[in-house]
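Everything below concerns the one structure shown next.
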Amino acid sequence: DMLGLNGYEKNLELVELCLSNDCNKALKVYDEILQNGVSPLQVITNLLEICHLDSKINVIKFDPLIPESNQKNIENISNYSLPKLVKFWQVLIKGIEELRYAPNQEQSGSMTILKLCYTSSLPDPGELIEKLSNPKKNNEKKSEFKEPFKQEKNLSITNNSNGNEPVNPKNFDE
């Protein structure tokens, strides 16, 4: 830690926090990693590597090449759905690109962490398609929202004897 060699523990923690949509803690861990001397580009690169390992373990279930000290954390993270891990990867790839062109890499990295947290809360494409294509569930949802739009009442000021014609004031004093 003293030389900026953070190890993977904080990076693994950061991935877990992002996947569980805990933005506040994720940003704090990101800042801690930066304070230890790791560049934002290296943080995002580490997250990419972890995401790759997680996705790989999600499919093959075991990889003897993963260090034993990180095996349990990687297995826990790999329990997230593969579509979620793929979205995570895509945000990280885009984040690397943005970091390279950003005037402030720390801010760009922070925004990438926020995007990771936000996208982790979005439904998987398969789940979304299922929800949209199931007419029974869609009809139940529609019945919950019987009146989606309320009509606004006419809030104009009336200033005539019959009270029917709205008068729009010319300034705030009227």
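Peptides 27-36, 49-58 ranked from most to least packed by the mean count of surrounding Cβ atoms within 10 Å: 49-58, 27-36. Taken along the Cα-to-beta-carbon direction at a fixed 7 Å, the label points for R100 and K61 span 3.9 nm.
If R0 is taken as 25 Å, the Cβ-Cβ distance between Y118 and N76 corresponds to a FRET efficiency of 0.70.
Rule-based calculations on the coordinates, nothing more; no lab input. The model shown is predicted, which means the values in this text are computed figures rather than measured ones. As a convention, Cβ positions derive from the backbone with ideal geometry for all residues, glycine included, and neighbour counts pool all protein chains shown.
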